[in-house]
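Q: Could you have a look at this structure, given as structure tokens, before my questions?
The values are calculated or read from the model by the stated rules, or taken from the named source; none is laboratory data. In this text the structure is predicted, and so the values were computed from the model without any measurement. Cβ coordinates were reconstructed from backbone atoms using ideal geometry, including for glycine residues, and neighbour counts include every protein chain displayed. When the accessible area is computed, the model is the full protein with side chains, heavy atoms only, and any ligands, DNA or RNA have been set aside. Shrake-Rupley method; radii C 1.70, N 1.55, O 1.52, S 1.80 Å.
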Amino acid sequence: LLPFYCMIVSVKPNSMKVVIDCDDAAIDLKKVIVGHLSAKGVEVTDLDYLGKKSGAYYPEIGFNLARTIKNGTFERGILICGTGLGMAIIANKVEGVYAGVCHDVFSAERLRKSNNAQVLTMGARVIGPELAKMIVDAWLVSEFQGGGSQPKVDQIRELERKSFNPEG
């Protein structure tokens, strides 16, 4: 794990636009991740949904971020709540957006390389700040590899179309 982390710390995703948001359980971890990405020169935008709508629950926060991914404003998004699970569920309700919860570096890498997910979710009650930074770094430098994963991702898209448009 350590050699991999040392390797990715120096990699800077060029001109990648990242969006981030969280619910009330993850405000402190979100601040850590925003600072980490900014220090690396990554363009990160905090949607701060809670700042606009006090008391909002994670479903509307996650849905809001996922829609910004769908409309192409941002390439990647990070959602943080208590466990990351609820955010992943709601982000996946937006057609064309793929999200997964990661609490380890390997899963974060595979989220991109095998599944082409644009949204990473994490749980502030599950992982600490240093591990969260490592997870974000691994996910940001990973790109979809296609290969044997391509037909599976294509099938996800086809089944998604059937789910969102059952008549079409």
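Q: Could you grab the pairs with beta carbons closer than 8 Å, sequence gap of 6+ or different chains, first residue in the stretch 29-44 and over 13 Å from Glu130 (Cα atoms), second one open to solvent by 50 Å² or more (accessible area, probe 1.4 Å) and modelled with pLDDT under 95?
A: Lys40/Lys12; Gly41/Lys12; Val42/Lys12; Glu43/Ser15; Glu43/Lys17
Q: To continue, here is another question. What residue, of Gln145, Gln155, Gln150, is within 19 Å of Arg76 (Cα to Cα), among the polar types (S, T, N, Q) and without any contact (Cβ under 8 Å) to a residue 40 or more places away in the chain? Step through it out loud before you land on a result.
A: Working: Gln155 fails: within 19 Å of Arg76 (Cα to Cα); Gln150 fails: within 19 Å of Arg76 (Cα to Cα).
Of Gln145, Gln155, Gln150, the one residue that is within 19 Å of Arg76 (Cα to Cα), among the polar types (S, T, N, Q) and without any contact (Cβ under 8 Å) to a residue 40 or more places away in the chain is Gln145.
Q: Kindly list, by first and then second residue, each pair from a residue in the stretch 97-112 that is more than 13 Å from Leu131 (Cβ to Cβ) to a residue that is hydroxyl-bearing (Ser, Thr, Tyr), limited to pairs with Cβ atoms under 7 Å and residues at least 6 apart or on different chains.
A: Ala99/Thr121; Gly100/Thr121; Val101/Thr121; Glu109/Ser142; Arg112/Ser142
Q: Looking at the stretch 134-148, which of its residues are over 16 Å from the mean Cα position of the chain (by Cα) and open to solvent by 20 Å² or more (accessible area, probe 1.4 Å)? Full working, then the answer.
A: From the stretch 134-148, those over 16 Å from the mean Cα position of the chain (by Cα) are 145-148; that's our starting set.
Gln145, Gly147, Gly148, listed by residue number.
Matching residues to (1) surrounded by fewer than 22 Cβ atoms within 10 Å (Cβ to Cβ); (2) more than 19 Å from Phe164 (Cβ to Cβ):
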residue: Val32; (1), (2): yes, yes
residue: Asn71; (1), (2): yes, no
residue: Ile78; (1), (2): no, yes
residue: Gly82; (1), (2): yes, yes
residue: Ile89; (1), (2): yes, no
residue: Asn116; (1), (2): yes, no
residue: Ala132; (1), (2): no, yes
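Q: I would also like to ask the following. Would it be correct to say that Ala66 is surrounded by 18 or more Cβ atoms within 10 Å (Cβ to Cβ) and modelled with pLDDT of 95 or more?
A: Working: surrounded by 18 or more Cβ atoms within 10 Å (Cβ to Cβ): yes; modelled with pLDDT of 95 or more: yes.
Taking the combined requirement at face value, the residue satisfies it.
Q: Among the numbered conditions (1) under 20 Å from Glu160 (Cα atoms); (2) of a type in the set (Gly, Ala, Ser); (3) over 10 Å from the mean Cα position of the chain (by Cα), tell me where Ala99 comes up short.
A: If we test Ala99 against (1) under 20 Å from Glu160 (Cα atoms); (2) of a type in the set (Gly, Ala, Ser); (3) over 10 Å from the mean Cα position of the chain (by Cα), just (3) comes out false.
Q: Another question, if that's okay. Of everything in the stretch 45-59 that's touching a residue at least 12 places away in the same chain (Cβ under 8 Å) and open to solvent by 60 Å² or more (accessible area, probe 1.4 Å), which residue is nearest to Lys31 (Cα to Cα)?
A: Filtering first and then ranking leaves Asp46.
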